[in-house]
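Here, each number is a calculation from the coordinates, and none is a lab measurement. As the structure is a computational prediction, the values presented were derived from the model and not from experiment. All Cβ positions, even for glycine, are placed from backbone atoms using ideal geometry, and neighbour counts span all protein chains on display.
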Amino acid sequence: MAKPTVHLLDYVAGNIRSLVNAIEKCGYQVEMVRSPEDVKTADVICDVSDPVELVTENLDNDLRFLPWQKIILPGVGHFGHCLSSLASAGYLPVIHEHIQAGKPFFGICVGLQAIFAGSEEAPDVSGLGLVPESLKRFSATNTKDGSRKSVPCIGWNDASTAHHGQANSTNQSFYGLTPTSKYYYVHSYFAPYKPGVLEEAGWTIATATYGDESYIGAIGRGYVFATQFHPEKSGAAGLRVLKAFLDGREWSDAVPPPTNASATAKTATTTNNLTHRIIACLDVRTNDAGDLVVTKGDQYDVREKTSDKGVRNLGKPVDMARRYYEQGADEVTFLNITSFRDCPVADLPMLEILRRTSETVFVPLTIGGGIRDTVDPGTGERVSALDVAKLYFASGADKVSIGSDAVLAAEEYWANGGKLGGKTGIETISAAYGRQAVVVSVDPKRVFVKSPGDTKHATLKTALPDKDGDEYVWYACTVRGGRETRDLDVVQLVKACEAMGAGEILLNAIDRDGQNQGYDLELIRMVKGAVEIPVIASSGAGHPKHFQEVFAETGVDAALGAGMFHRGEYTVAQVKEYLGEAGMLVRPYEEF
Ligand code: 1PR
């Protein structure tokens, strides 16, 4: 029997590929349509982050009468950008009438925010106003106890209707949501939850709490449904929600909780109520035979110690990424470690790896390597960092990671007295896709000095002095995969990148890379104290206890492993099991 068809208007402006893959995983086939004339009485998904193209193509047709059955409004980035695009393209009346006609509507992330009246993010831009409330920005300080939380909020949290008993009384699940599952959120603005207020107006609410701020994770009434989290990036739990919407199942028998949900989940420690996020990282490069392989450095040296000095080959990227997803990885990161040499635009195998991985891995994918202004070797044309990022997003990436170019941009930022130029890759990509899409990958090296007065850089007194007994260190930034050291320290780098619009820091440590001795906790504390955006610990993990230690002792937002997973010493599942047994909340792995 032919699968039911969902139609997608083909002007992909964001990472809609993952949504297409998720819809197909739910048993629907996606048919690309290129103009409303092609739209039959079908289910239509519009990526309205750039609706102008559609409307200008069809000014002679009145969009109001397109026989659309379903609309999914995905959205990443800026509330104002999304809504003003919708408004200027004349889309808002179409969506209003679609909803008033009682046709199914699903808003995702900024698509949820769009159904509200407005947002602090863009005070002079109105939302659809279905929900007469406004969004506000998370506070970086929890008012209850003054503790800190990272903004944007990036991680796995609840979306539970259990708080007001609606589901429990009938043991029914709202659009496939379950109180023990975790869903992937990435946002700086939220809809505060006010108990009973919207329920009185007939809305069903699923909530989450970040720090001491309780907010709307999902909301629905009639045929309108919206989630702040990304169902296409929330593993099996998210796919279940997407399928419930596509099948038209607002309420259904409650799904049994995941079998491996940690028994102590209720009392387990969290990161401001987010689970402890575990990332699997795959350093990728071409081997001497020209194949793209997963490799792993020993303090960034990826060549075997054997006579042929070949590039360490630890396996195939797509297979390994899928394996880590199935082990429960909360995110997968690919770093193309030789892209500083060649132009990623020509690096089609890397784009193909992303495309194939996004077909089976339904958690966030980050790609780094070579994201900078460059020249296409084939055409000789200039290719901007934003163009490179667009290629990666269109191939299925959710976040792009910038390494060397961030160091150069930070040097320029400080040379200009801390003024923004608006032209760096970080600024342009963040402005176009939102800061949550921009990760900065830091490759620091320890530099020992006898006393803080010996350097202008931010130092710390280390518990691990060097062989000369020098007990102060500063961390020098490097570029080109650690090959070139710069006169810029990590605090200068991360502060500049946060100011330019980066959403997250991937904090490597060359001295610890591949050593299996644990993370550089002193470095992580220094960087966590310097920025408000989330920080990912990287480099040195060799045992599950290293993950427990780094979360417990630094408050870091996520922890990354590579070699220990690639060499088969431990699995992601074993790390999460260890953390669960240590009383730390982790996302339970679920089957779809
Ligand atoms: O500079 O923007 O082109 O990006 C290059 C990217 O490639 C950067 O993110 C940089 O960190 C990375 N990179 C470049 N050379 C190497 C190398 O190893 N020769 N990898 C490299 C850096 C960091 C992690 C690593 C962790 C965990 N590796 O990917 O996996 O250190 O390792 P472990 O758990 O085995 O200890 P650009």
| message | Can you show me the helix-derived [θ] at 222 nm for the chain, built from DSSP H runs with n ≥ 4 at -39,500 (n - 2.57) apiece and divided by the number of residues, rounded to the nearest 500. | response | -7500 deg cm²/dmol
| said: What is the angle, in °, between the Cα long axis of helix 317-327 and the longest principal axis of the Cα atoms in the chain? Nearest 10 is fine, range 0 to 90. | reply: 70
| note | Here, Q172 and K3, labelled 7 Å along Cα→Cβ, have an inter-label distance in nm of 2.9
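Give the residue list of trypsin sites (Lys or Arg not before Pro) in the range 462-491 that are DSSP loop and have at most 12 other beta-carbon atoms within 10 angstrom.
Details: sites: K467, R480, R483, R486; in loops: K467, R480, R483.
Those satisfying the criteria are K467, R483.
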| message | For the chain, take the longest principal axis of its alpha carbons; what is the angle in degrees between that and the long axis of helix 348-358, to the nearest 10 within 0 to 90? | response | 60
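Rank the residues E484, E590, E331 as a footprinting-exposure proxy: fewest other Cβ atoms within 10 Å of their Cβ go first. Mind showing how you got there, number by number?
Values: E484 12, E590 23, E331 26.
Going from least to most buried by this count: E484, E590, E331.
Considering only DSSP beta bridges with both partners in the chain, what is the antiparallel share in %, to the nearest 5? Intermediate results must be reported in sequence, preceding the final value.
Working: 44 of 96 bridges.
If we restrict to bridges inside the chain, about 45 percent are antiparallel.
In what sequence do I371, I99 fall when counting other Cβ within 10 Å, fewest first?
Details: I371 31, I99 18.
Sorted ascending by nearby Cβ count, the order is I99, I371.
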| query | Could you give the nm distance between label points at R483 and D454, where each point is 7 Å from its Cα heading toward the beta carbon? | reply | 2.9
| Sequence-distant lysines (8 or more away, or on other chains) whose Cα lies within less than 17 Å of K103 | K40, K70, K243
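Nearest 20 debye, what's the magnitude of the dipole of the chain about its Cα centre given +1 on Lys and Arg Cβ and -1 on Asp and Glu Cβ? Before the final figure, lay out each step's value.
Working: 58 positive and 75 negative charges, 160 e Å.
Dipole magnitude for the chain comes out near 760 debye.
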| query | What angle do you read, to the nearest 10 degrees and between 0 and 90, between the alpha-carbon axis of helix 404-415 and the longest principal axis of the chain? | reply | 80
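Give the shape of the chain as rounded, prolate or oblate, defined through the alpha-carbon gyration tensor: a ≥ b ≥ c are the square roots of its eigenvalues, a/c under 1.5 means rounded, and otherwise the shape is prolate if a/b is larger than b/c and oblate if not. Show your work: numbers first, answer last.
On the way: a/c = 1.65, a/b = 1.44, b/c = 1.14.
Because a/c hits 1.5 or more and a/b exceeds b/c, the chain counts as prolate.
Could you list, in their original order, any pairs among K296/K390; K390/K423; K194/K399 whose Cα atoms are separated by more than 24 Å? Let's see the in-between values first.
Numbers: K296/K390 27 Å; K390/K423 16 Å; K194/K399 32 Å.
Pairs exceeding the cut-off: K296/K390; K194/K399.
Gain in length, D470 to D301, computed as 0.36 nm per residue apart minus the alpha-carbon separation, to one decimal in nm?
Details: separation 169, 0.36 × 169 = 60.84 nm, distance 2.59 nm.
That works out to 58.3 nm of additional length.
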| request: Kindly put F174, F448 in sequence by how many other C-beta atoms sit within 10 Å of each C-beta, fewest to most. | output: F448, F174
